[in-house]
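Novice: Take this structure first; my questions come after.
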Amino acid sequence: MKSTGVDALILTPGADLFYLTGFEHGHAGERLLALVLRQDGFAQWIAPAMNVPQVEQRAQSGETIRGWNDTEWYVGPLKDAMAGVKTVAFDDEARAGFLLDLLTVSPAMRVVPSGTILRGLRLRKDASEIALLREVAKQVDDAIPAAVSLCRPERTEGEIDQDLRSLLLTRHPNAAIAFTIIASGPNSALPHHETAKRKLTSGDVVILDYGTRGSVPISTAKGTDHSHIYGYQSDITVTCVVGDPTDPEVRKVYNIVYEAQQAAIRAVRPGAACEDIDHAARGVIEAAGYGPYFMHRTGHGLGLQGHEPPYMRSGNRELLEEGMVFSIEPGVYLPGRFGVRLEIIATVTKDGVSLINAPSAPELLAARGV
């Protein structure tokens, strides 16, 4: 904060606050619940009165808690906490209304994103973070055979979705489901398809994109208790077929996407630009004549959030550093026909790359229970 000229940092419930404190709360809504950290060492929680007991469980020694009620509202406590502050780093993902209220009571204040302070810390994962990412990645890796076997004719995408979620939670009861995408037949040509009621038929291509959040023990100023909080995420995409593909182009496209992924993995090393990873994958797909059908970036960072920096996209000249973690997920999507996407998570090592997940299958996986 001192080196960037930031006088105060304001964080509301979300990934940045969780990173620093382990505190997570999803119900404050329009009521401001925030941690204010000032460069001079002052630290104060501003919390609705109803949430003060929860904040007390997470507050560290020396941090004060300023509770407020619905009659008083939070604007006064927020103004008091900002006394003398000229530049504030405000939570990137907070409600816009909180920022507007802050600018109303302190109109001369300069505002910068909280990422000014926290981006570099979260961008480079340390050994303990990578160990947690590997642990949660194994949850989705181990589910691949069972997930593929769920893809049978006459079953709907929604039924497969429910069974996959149940499978993951049965095997890992302390985990949480981060997301699931089940896209079959022509729906697989939609990269972010919303799982629907379509019934699978023999020959369908199916994209299975799913992730979990692992759990870690809660640590407080009083030590570790026996409950858990959800932390680092997993993310994987598998493409399979129900029996044998109906479309004769499916295996060809799968092989191209697989080679594109492998080219991107080989390009990962410290000092390479993020866009180099995208170019490596995109070059293979473009050379094969499918360039227009690869319409998204090659990868996104992964950690406490499913999508976070760094981003493997054209135009991003940010250099890779040891400890960065991100997906490598090229895809080809032929409208009205089918799509293929293969995703794994990789981390930059001191001399190259290491996969967080098990490698993608070099050949198209098939569900044979038909």
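Novice: Please go through the stretch 56-80 and pick out each residue that is farther than 24 Å from LEU100 by Cβ and of a type outside the set (Asp, Glu). Can you show your working first?
Specialist: Filtering the stretch 56-80 down to residues farther than 24 Å from LEU100 by Cβ leaves 56-65.
Scanning the stretch 56-80 gives GLN57, ARG58, ALA59, GLN60, SER61, GLY62, THR64, ILE65.
Novice: Counting only residues that are touching a Pro at 6+ places or on another chain (Cβ under 9 Å) and over 13 Å from MET82 (Cα atoms), which one in the stretch 28-46 is most open to solvent (accessible area, probe 1.4 Å)?
Specialist: ARG31
Novice: Pick from the stretch 279-309 the residues that are closer than 22 Å to LEU319 by Cα and charged (D, E, K, R): which of them is least open to solvent (accessible area, probe 1.4 Å)?
Specialist: Out of the qualifying residues, it is GLU308.
Novice: Shifting gears a bit: Would you mention how many residues in the stretch 317-370 are touching a Pro at 6+ places or on another chain (Cβ under 7 Å), open to solvent by 10 Å² or more (accessible area, probe 1.4 Å) and of a type outside the set (Lys, Arg)?
Specialist: 5
Novice: Within the stretch 97-108, work out how many residues are of a type in the set (A, V, I, L, M) and open to solvent by less than 20 Å² (accessible area, probe 1.4 Å).
Specialist: Within the stretch 97-108, residues that are of a type in the set (A, V, I, L, M) and open to solvent by less than 20 Å² (accessible area, probe 1.4 Å) number 1.
Novice: Name the one entry in ARG122, ARG66 that is of a type outside the set (A, V, I, L, M, F, W, C), touching a Phe, Trp or Tyr at 6+ places or on another chain (Cβ under 8 Å) and touching a residue at least 24 places away in the same chain (Cβ under 8 Å).
Specialist: On the way: ARG66 fails: touching a residue at least 24 places away in the same chain (Cβ under 8 Å).
None of the others qualify; the one that does is ARG122.
Novice: Looking only at helices (runs of 4 or more DSSP H) that fall completely inside the stretch 111-223, which ones have 2 or more residues that are more than 26 Å from ARG58 (Cβ to Cβ), open to solvent by less than 20 Å² (accessible area, probe 1.4 Å) and in contact with a strand residue (DSSP E or B) (Cβ under 8 Å, 6 or more places away or on another chain)?
Specialist: The qualifying helices (runs of 4 or more DSSP H) are 127-142, 144-149, 157-171.
Novice: Say we look at the stretch 47-87 and pick out the residues that are among the aliphatic types (A, V, I, L, M) and assigned to a strand (DSSP E or B); which of these is most open to solvent (accessible area, probe 1.4 Å)?
Specialist: ILE65
Novice: Can you pull out the residues in the stretch 1-16 that are among the charged types (D, E, K, R), within 26 Å of LEU302 (Cβ to Cβ) and open to solvent by 50 Å² or more (accessible area, probe 1.4 Å)? Show your work before the answer.
Specialist: Let us first name the residues in the stretch 1-16 that are among the charged types (D, E, K, R), namely 2, 7, 16.
Keeping just the survivors that are within 26 Å of LEU302 (Cβ to Cβ) gives 16.
Of everything in the stretch 1-16, nothing turns out to be among the charged types (D, E, K, R), within 26 Å of LEU302 (Cβ to Cβ) and open to solvent by 50 Å² or more (accessible area, probe 1.4 Å).
The values are calculated or read from the model by the stated rules, or taken from the named source; none is laboratory data. This one's a predicted model, so the numbers in the text were calculated from it and none came from an experiment. Virtual Cβ from ideal backbone geometry, glycine too; neighbours counted across all protein chains shown. Remember, those area values only see protein heavy atoms, side chains included, never the ligands or the DNA or RNA. Shrake-Rupley method; radii C 1.70, N 1.55, O 1.52, S 1.80 Å.
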